[in-house]
Amino acid sequence: MEINIAKDYTRAPGGRFIKDGPNSGEDFRNKILMPKYLEAKDKKEKLIVNLDGGYGYATSFIEESFGGIVRITKDKNILDIIEIISNDSPAWKQIIAQYVRDAEKQ
Amino acid sequence: MKKQIGNIINNMLYLICIGVERMKKISYHQKVMMDKKSKKYLYQRTKNNKKNKLKCIKNEYISTGIIKSNTYIANAPTILSFFHNPEETMEFFEDIINDTKKHRFGRKYFFNLSQVETLTIDAVMYIIAILKNLKTTNIYNFRFEGNVPQNELSKKLLDESGFHKFVNSNSRNVKPNTNKIQIVTGKLLDPNTASEICDFVNEICEKDIKFTKALYEILIELMDNTTQHAYVEKEDLTVSQWYLFVENKDNSIQFIFLDTGKGIPATINKKIIVESKIVSTIFKKNDSEFILSTLNGEFRSKTKQSNRGKGLPWIYNHANNKNISNFIIFSRNGCCSVQENNPVKCMDYKNQIFGTLLAWELNKNNNTFKEDTDYGN
């Protein structure tokens, strides 16, 4: 299973919450990431999330998307299910891993 | 003897009856008149007092020669620019804002720009911010008027900045210059504007979307800061809003961003008071030190969570990695700047700017942004 954020959601992601403006991390998580994650978890498949092809990301968008999954589902090790592809900016992989760890501690 | 006493008593009773009778007549007729007269008298007296008071105030203003009637004339300095003349420019704006705090109903503010010889976009943005963002404008029915610089270059800059879109102006509408993105503004995060700016830059530099990834992320982070990290309180002067301007120069593209929130030092001070319950004066820092601390990621200005507040440290990192150049940030009394090949320079001024003003340049000859940017971690 794969999500390409630029193709499946928007090339111009926004901020954290829906109230902050369009194309938010909360909106992306609610509409696309969470349903796909739950589906992948049920089917015991990998979910590939591709960050390439867009204009870029705010840290708050990324944190709310992936950290939000942890906060809502209370799942540990979501990155065993979600695989991140980010060839344009490889640093995002480590950052997302950090966000997930921080969210697990909360 | 008994007869005499009786007569006296009778007379007294008679007199009492007459008196009562008379009192009744007075209370019905004259009492009403007396009531009205007293209310009228009181009203008149109050009115006269008010009139006299206003007359005294007016006379005082006229005699000082500083303010006539209810108009404040703000004479702009010849160099109206935070970048080139910070102290005088801050003083000019601060005087206006301080006057608005006096809450004089119906006050008119006249921006006299006629003597301005050097004008930069940051000052134009700030004028717009005062016109549009003061919370008290509608409450106290403030009116803002002004004139344009006589200096041709300054006038041209004002015309091409997009200033006239924000005011009812007699000046003709100037077509947008293709070398500029005129001042845009918003209260929410606007990814569409950020992407349009990236397209503008990519077209100039003949690059693709990957070239402006870091730029897009900077713009989004700054807009996000405006919505997320400004404490919003009743006593705040301004509504939090962002302003952005982009200009294609010879070798670089300049960006100017203004956020009319509370400003970094005030936001951090609030955090110290709220979270550590220690009076901030014990740990008093200069405003520039607060700004530098924020750029280094030492304070999380609004929220407690470590995953937030990466915006400014991240941008500062790009400046240190030379992805962007001539980075400068003003907030309250402080200013920090990172110029090419020089260490960060911090300064504090006597006057202050309300909100946060940033500027930086993108070198057109940059082939790519350095990978693995720290993102403020």
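Could you give the alpha-carbon Rg of chain A over 2.2 N^0.38 Å, rounded to two decimals?
0.96
³J(HN,Hα) across the stretch B:333-342 via Karplus (A = 6.51, B = -1.76, C = 1.60, θ = phi - 60°), whole Hz, x for Gly/Pro?
So the J values, rounded to whole Hz, are 8, x, 8, 10, 9, 10, 9, 4, 6, 10.
In nm, give the distance between the simple-model label positions of B:Asp99 and A:Ile72, each being 7 Å from the Cα along the Cα-to-Cβ direction.
5.3 nm
If r is the Cβ-Cβ distance from A:Asp42 to B:Asn363 and R0 is 51 Å, what FRET efficiency results, to the nearest 0.05?
For R0 = 51 Å, the calculated efficiency reads 0.55.
Arrange B:Val201, B:Val124 by Cβ neighbour counts within 10 Å, fewest through most, would you?
Ordered from fewest to most neighbouring Cβ atoms within 10 Å, B:Val201, B:Val124 come out as B:Val201, B:Val124.
Note the count of lysine pairs whose C-alpha atoms are less than 19 angstrom apart in the stretch A:39-100, limited to pairs 8 or more residues apart or on different chains.
So the count works out to 10.
Between A:Glu2 and residues 5 or more places away or on another chain, which pairs have amide H atoms under 5 Å apart, with H built 1.01 Å from N, and which residues are they?
A:Ile48
Which aspartates and glutamates, if any, have their Cα less than 17 Å from the Cα of B:Lys187, not counting same-chain residues under 8 positions apart?
The qualifying aspartates and glutamates are A:Asp20, B:Glu221, B:Asp224, B:Glu233, B:Asp236, B:Asp259.
From other protein chains only, count the Cβ atoms within 10 Å of every residue's Cβ in B:181-190, then give the mean.
Counting other chains' Cβ atoms within 10 Å and averaging over B:181-190 gives 3.
Using R₀ = 60 Å, calculate the FRET efficiency as 1/(1 + (r/R₀)^6) where r is the Cβ-Cβ separation of B:Val239 and B:Lys40; round to 0.05.
The value I calculate is 0.85.
Determine the alpha carbon to alpha carbon distance for each of B:Lys180/B:Lys364; B:Lys165/B:Lys213; A:Lys7/A:Lys36; A:Lys31/B:Lys210 and list only those over 19 Å.
Beyond 19 Å: B:Lys165/B:Lys213; A:Lys31/B:Lys210.
Quick check on the exposure proxy: order A:Tyr9, B:Tyr14, A:Tyr57 from fewest to most C-beta atoms within 10 angstrom.
B:Tyr14, A:Tyr9, A:Tyr57
Fewest Cβ neighbours within 10 Å first, please rank B:His318, B:His164 accordingly.
Ranking B:His318, B:His164 by Cβ neighbours within 10 Å, fewest first, gives B:His164, B:His318.
Kirkwood hydrodynamic radius, the stretch B:84-187, all distinct C-alpha pairs: what's the number in Å?
One decimal place: 14.7 Å for the Kirkwood radius.
Each reported figure results from applying straightforward, stated rules to the coordinates on display, with no laboratory input. Please read these numbers as outputs of a predicted model, since none were measured by experiment. Glycine gets a Cβ as well: all are built from the backbone with ideal geometry, and neighbour counts include every protein chain shown.
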